[in-house]
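The values are calculated or read from the model by the stated rules, or taken from the named source; none is laboratory data. Note that the coordinates shown come from a computational prediction; the quantities given were computed from them, not determined experimentally. Note: ideal-geometry Cβ built from the backbone for every residue, glycine included; neighbour counts use all protein chains shown.
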Amino acid sequence: FSFRELSKVATTFVGRGHIDSEYSATAERHFSGQAAILNTMTHTDHKAIRRAILETLYAAYLSDPLRMVEPEALFARPPITRENIIPNIHYLYDRKLVEMMMGYTPPMFSAVRITTTGIDMVEDRYTFNLQFPEQPDGTGEAESAIPYLVEQLVAQGDLTPLDGWTRRQLLGDIQFLRTEVAQHRSQWRPEVIHALLDWIELRHQESDGGLAALSPLRAALNQTLATTEHQRN
C-alpha cells in the first residue's frame, strides 16, 4: 500500500483518543501472553531488532517513498517476530524515527513508514552503529562494535594520568581517529588509521595500560579494513 491509499481507508491512527473497549480487550488478551518472551530478551536483542526494522523500512523507502510497510513484510526479516516487534516499533515511533497507522488491535499496527529522521539515522553509519548495534553473531559485528569502542577510548583517554604535551597529543590522536572512523568505511584511509593506532599505543604504554579499549578496537578495525579490502578486490 502507498501512504495515500492507506490514508483513504485508515480509521484509527496513533494518538486517537478512543478505542472501542471490545478491541482493547482483544488486544490485551493477545499481547499479555507475550510478556514472558519479552522479559527474557536483553537490551542488545532489542537494539538489533530496531536496527533490522529501520534497515528494512529504509530499503522500502528507497524502492517506493510512498509505501507503507505492513507487519508481515517485517516478519520476513530476522530477528523481527510478531512477539518482539511491538515494544520496538513503538520505541522507534516515540523517537520519531518511524510513523505508524494503527488498526483495530492496538498496540499492533497496520502499516509503518520510516521518517526523514529515521533515514538520516540509517545513513549516518557511525551514529547508527553506536545506537543500534547488530547482535553478537551478526556479520557486521566488528564494524558495529567500533563506535562503542571509540567512545570507550575517548573516556579512558580523559582519565589517563598523563599530563602536559603528552596528554594533549594523546587526546588529539584519539579525536583524530574518532573523526576518521565516523566516515563511511569506504572512505577510511588505512594508513592513517594504522598510524594513529600506533601513536595511541605508545601513549597507552606510558599510561600504565589505562586504555583498555585500544586492543579490541584495533582488532575490530583490522577486521573491518580487511573485509573492505577483500570486497574491493
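Suppose we keep only residues that are loosely packed, with under 13 Cβ neighbours inside 10 Å and assigned to a loop (DSSP other than H, G, I, E, B) within segment 196-211. Which one would you say is modelled with the lowest pLDDT?
GLY209
Restricting the search to segment 141-195, which residues are surrounded by 14 or more Cβ atoms within 10 Å (Cβ to Cβ), of a type in the set (Asp, Glu) and modelled with pLDDT under 90?
Hits for segment 141-195 are GLU141, GLU143.
I'm checking my understanding of the structure. Among residues of segment 81-116 that are in a helix (DSSP H, G or I) and touching a Phe, Trp or Tyr at 6+ places or on another chain (Cβ under 8 Å), which one is nearest to TYR58 (Cα to Cα)?
Ranking the candidates gives ILE89 first.
What's the number of the condition ALA76 fails, among (1) closer than 20 Å to GLU134 by Cβ; (2) touching a Lys or Arg at 6+ places or on another chain (Cβ under 8 Å); (3) surrounded by fewer than 18 Cβ atoms within 10 Å (Cβ to Cβ); (4) hydrophobic (A, V, I, L, M, F, W, C)?
(2)
Which condition does LEU38 not pass, out of (1) at pLDDT below 95; (2) surrounded by 16 or more Cβ atoms within 10 Å (Cβ to Cβ); (3) outside any loop (DSSP other than H, G, I, E, B), if it passes all the others?
(2)
For ARG82, are the conditions met, namely being modelled with pLDDT of 90 or more and under 26 Å from the mean Cα position of the chain (by Cα)?
no
Can you name the residue in segment 181-195 that is part of a helix (DSSP H, G or I) and of a type in the set (Gly, Ala, Ser) and is also nearest to ARG168 (Cα to Cα) among such residues?
ALA195
Considering each of PHE176, PHE128 in turn, give the residue that is in a helix (DSSP H, G or I), under 30 Å from ARG67 (Cβ atoms) and of a type in the set (Phe, Trp, Tyr).
Every option except PHE128 fails the conditions.
Just to be sure I understand, how many residues within segment 170-216 are within 22 Å of the chain's Cα centre (by Cα) and more than 16 Å from ALA155 (Cα to Cα)?
9
With respect to HIS230, is the statement that it is modelled with pLDDT under 85 and either within 19 Å of ARG125 (Cα to Cα) or out of contact with any strand residue (DSSP E or B) (no Cβ under 8 Å at 6 or more places or on another chain) (or both) true?
yes
Could you please let me know if ARG125 is farther than 28 Å from ILE174 by Cβ and touching a helix residue (DSSP H, G or I) at 6+ places or on another chain (Cβ under 8 Å)?
For ARG125, the condition - farther than 28 Å from ILE174 by Cβ and touching a helix residue (DSSP H, G or I) at 6+ places or on another chain (Cβ under 8 Å) - is not met.
Could you please find all residues in segment 98-124 being within 27 Å of GLU180 (Cβ to Cβ) and crowded, with 19+ Cβ neighbours inside 10 Å?
GLY118, MET121, VAL122
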